[in-house]
Each structure stands twice: as structure tokens, then as C-alpha cells.
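Beneath this line is the structure, given in C-alpha cells, with notes to follow.
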Amino acid sequence: MARRSEPPTPQTALHLDPTGVLRAILTRSAVRSYTAEPVPDAMVESMVRAMVSAPSASNQQAWAFVVVRDPVRLHSVRSFAPGVIGEPSLLLVACLDHSRYSDSDGAHVRRQGKLCVAMAVENFLLAAHALGLGACPVSSFLPGPIRLLLNMPDHLELILLVAAGHPATKPNPSTRRDLDEVVRYDGYR
Ligand SMILES: Cc1cc2nc3c(=O)[nH]c(=O)nc-3n(C[C@H](O)[C@H](O)[C@H](O)COP(=O)(O)O)c2cc1C
């Protein structure tokens, strides 16, 4: 295959993508302000289907998720999650499921599981964006109290929350480091 001298620009990438997948990827931003409108069941189903379509190491799918929509529970979980900004109408709790591993599985295998949870969360974020919703991953939370509130068993390790809802404002796109700075071709030099 010919060596690509120039990295693709967003414009050319969009042009090449008839399905809009790249468009969704390139236009997603974290949303931290939401209306009070609930997220309809059909949208939740689409997002969780996209989420569990993510790849996982050896297709182990060592993950588990809790979708919190009950307003009282939402409020309680939020009170232990300072990283949640605004008032989302939905919170996703994304977990690593240690029960999917055997005792002989080492730390490196379990670490792979966290990568898989992160991939599933990215799918959830993109699906939310494609559906016109806004979402934000959140790592600033206290797992202990949230675990108790949601009756989570010991074998589930809370990895990330995702706040989601109908966006109240248009988010400002965040910046990225220059491609030249972070991507090299055919070797690092
Ligand atoms: C692992 C991870 C943890 C994050 N935790 C938080 C958080 O606790 N609170 C928050 O408001 N945003 C959080 N974010 C969102 C980032 O701040 C955001 O993705 C980043 O600034 C880039 O902006 P963008 O998503 O709009 O491109 C987190 C993102 C990631 C990937």
C-alpha cells in the first residue's frame, strides 16, 4: 500500500463517510448542561445496544452497566459524583465484571477489561450524540457510596459514569493537539 504523505483532514474524512459515522465521531463534544426532559426508552435501548457492540478482549465482555433514570436515585448518585456537572436525566454506571475472570487470570488480563469498558463507553457517547443527546464521561465519583445506593455486588468494579440527557446548550468543541505532534507514520521520528 502506498505510504500516505498527508494525514486525512476532517473535511476529506467526512467526504468519504456516507454513513455519517465519522461525522458523529468528529463532532462529538462533552455536554454538561441538560434539559429536564427524560430520555425515551427507545433511545436508551439504542445507546445500550451500541455500547455492548464494542469489541472486547477475547470477546470476554467482562462488563456490566446500570442505567439510572429514577429521579430520586439520580439525585443520590449525583451527590457522590462531584464530576457530574449539570442535571442529567440519565446516568450510566459502567463496571468491570470480575466474575467473568478465572483465578488464574492475572492483572494484565483484568487491565484489558478496563480498556473494553472504556470502548463500550465511547460507543455509548457516540450513540447519544448521533441521537441528538448530550453526554459526558465522568471519573470523579465515590464508588463506595454509589455501590451501596445501587446494590452493586462485590465482583463489579465501578470504572466510569456517563451523564446524559437532552442538551440545554450547544457545547463548545474542545481543542486537540496537532496531528503532527501526536501521529507519526512508519516509525517514530
Ligand atoms: C476517563 C475520563 C474521565 C473524565 N472525567 C470527567 C469528569 O469527572 N467530569 C467532567 O466534567 N468531565 C470528565 N471527562 C470529560 C473530559 O473533560 C472531556 O472529554 C475532555 O475535556 C475533552 O472534551 P470533549 O469530550 O468535548 O472532546 C472525562 C473524560 C474521560 C475520557
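For segment 105-189, a simple Cβ point-charge model (Lys and Arg +1, Asp and Glu -1, everything else neutral) yields a dipole of about 100 debye relative to the Cα centre. Projecting the Cα atoms of A36, M152, P171 onto the dipole axis of the chain, where Lys and Arg carry +1 and Asp and Glu carry -1 at the beta carbon, places P171 farthest toward the positive end. Here segment 31-169 is treated as a Stokes sphere of Kirkwood radius computed over C-alpha pairs; at 20 °C and 1.002 mPa s its diffusion coefficient rounds to 142 µm²/s.
Based on C-alpha pairs under 8 angstrom that are at least 6 apart in sequence, the chain has a relative contact order of 32 percent. In this rough spin-label picture, where each label sits 7 Å from Cα along the Cβ direction, the Y101-V21 distance is 3.0 nm.
Here the simple spin-label model places points 7 Å from the Cα toward Cβ, and for S140 and D154 these points are separated by 3.2 nm. Against the main long axis of the alpha-carbon atoms of the chain, helix 41-52 sits at an angle near 60°.
Any read-out appearing in this document is the output of simple, stated calculations on the displayed coordinates, not a laboratory observation. Just so we're clear, the structure is a prediction, and the values are computed from it rather than from any experiment. With ideal geometry, Cβ positions are generated from the backbone for all residues, glycine too; neighbour counts draw on all protein chains shown.
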